[in-house]
Each structure stands twice: as structure tokens, then as C-alpha cells.
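Peer 1: Questions regarding the structure given below will be posed in turn.
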């Protein structure tokens, strides 16, 4: 899943450059939404190419597992790239702080947003390929919205919103776990 990051980063940079050319701020909602769209679409594409369109995708929960796998691979490489700069500058303390915040924030966000896509697909699993395609689109839209809101509060609002954002992420993870348990139940009805 880390293979998509080298594609995503130049696309995000292109969005940033084009926005700057027209005078749109880097922290503007449109830029943040486009960044989120690029990341969520490519994470889904990676999971789709790797597993979601193969016969190994034979249980509803598989969609969640494959999407989380894509998210963790993406977040791991993204975090490593963010840590490379302070490490190369010899800023050990800055590296530790950045690493902690990236792990708690970005890794949770990527996991939650991708798992949301997988969860929506899981709920449509037994309804056929057309329903799963619609579910995938809805899931990506939800993931983009979640990612955009996260980026807005972290980048545009700064440190003052950090506690609220992290609390919301953890509440989202708890809700996600509850929904996953519902999918895992043997009595769960797909129709």
C-alpha cells in the first residue's frame, strides 16, 4: 500500500501550487478537501487492486481488514517521511514530538477513515457488486469528509484544537469497533 504515496505526494503538491497561483490559502477548505480526496481515493485504489476485486474478498469483514491494511502502510511511510527531516537535522527532541503526534493523529485518522470505507462496503457485502460499488463511493465520500475535517482543525486551527480533534478521533475509533462487532455477529442480516 505504500506504493501509492509516491503518486499522492506530487499530486498534493500540484494542488498546493495551483491554489497558490490563484491566491487560495494552503489551509483553505478546498485544498484540504482535495488533499483528502487524493489520499482516500488512492488508499482505496490500493486496497482494491491488492484484494477487494479478487476472490480472497469473500467475507464482509475482509473489506475492513484490507482497508485498514492499506491505511497502515500509507501512514507508516508518510510518518517516516515526516520524521526524516528532523532526524537529518539532528533534532532528536523534535523527532520524538513529531513522531508522537503523527502516530496519535495521522495514523489514527488514516485507520479510521479507511476502516469507514471498509465498513460501508461490509454492510453492502451480500447485496451484490453494484451495491458494493455504491457503498465504496459512499465510503470514500465519508472518508474524505472525515479527513478534511481533521486536516482543517489541525492545520487551520492549530494547537488550540488538538485535544478536541484527538478526542473525536478516539470516539470515532470506539464507534468503529462497535460497528465492526455488528458486522461480525453471526445473526447479522445483510439485506
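Peer 1: Looking at this structure, is residue 34 within 17 Å of the chain's Cα centre (by Cα), assigned to a helix (DSSP H, G or I) and without any contact (Cβ under 8 Å) to a residue 40 or more places away in the chain?
Peer 2: On the way: within 17 Å of the chain's Cα centre (by Cα): yes; assigned to a helix (DSSP H, G or I): yes; without any contact (Cβ under 8 Å) to a residue 40 or more places away in the chain: yes.
Taking the combined requirement at face value, the residue satisfies it.
Peer 1: Still on this structure: Being in contact with a helix residue (DSSP H, G or I) (Cβ under 9 Å, 6 or more places away or on another chain), under 17 Å from residue 3 (Cβ atoms) and surrounded by 14 or more Cβ atoms within 10 Å (Cβ to Cβ) is true for just one of 44, 82. Which residue is that?
Peer 2: Working: 82 fails: under 17 Å from residue 3 (Cβ atoms).
Matching residue, one of 44, 82: 44.
Peer 1: Given the residues 87, 137, 154, 141, which is the only one that is in a helix (DSSP H, G or I), at pLDDT below 90, out of contact with any strand residue (DSSP E or B) (no Cβ under 9 Å at 6 or more places or on another chain) and surrounded by fewer than 16 Cβ atoms within 10 Å (Cβ to Cβ)?
Peer 2: Values: 137 fails: at pLDDT below 90; 154 fails: surrounded by fewer than 16 Cβ atoms within 10 Å (Cβ to Cβ); 141 fails: at pLDDT below 90.
Exactly one residue qualifies, and that residue is 87.
Peer 1: Do we find a residue being in a helix (DSSP H, G or I), farther than 25 Å from residue 139 by Cβ and within 17 Å of the chain's Cα centre (by Cα) anywhere in region 68-80? First the steps, then the outcome.
Peer 2: If we filter region 68-80 for residues that are in a helix (DSSP H, G or I), which is where we start, we get 68-80.
Then keep just the ones that are farther than 25 Å from residue 139 by Cβ; that gives 80.
Right, trim to within 17 Å of the chain's Cα centre (by Cα) and you get 80.
Checked region 68-80: at least one residue is in a helix (DSSP H, G or I), farther than 25 Å from residue 139 by Cβ and within 17 Å of the chain's Cα centre (by Cα).
The values are calculated or read from the model by the stated rules, or taken from the named source; none is laboratory data. Owing to the predicted nature of the structure, the values given are computational and were not obtained by experimental measurement. All Cβ positions, glycine included, derive from the backbone under ideal geometry; neighbour counts span all protein chains shown.
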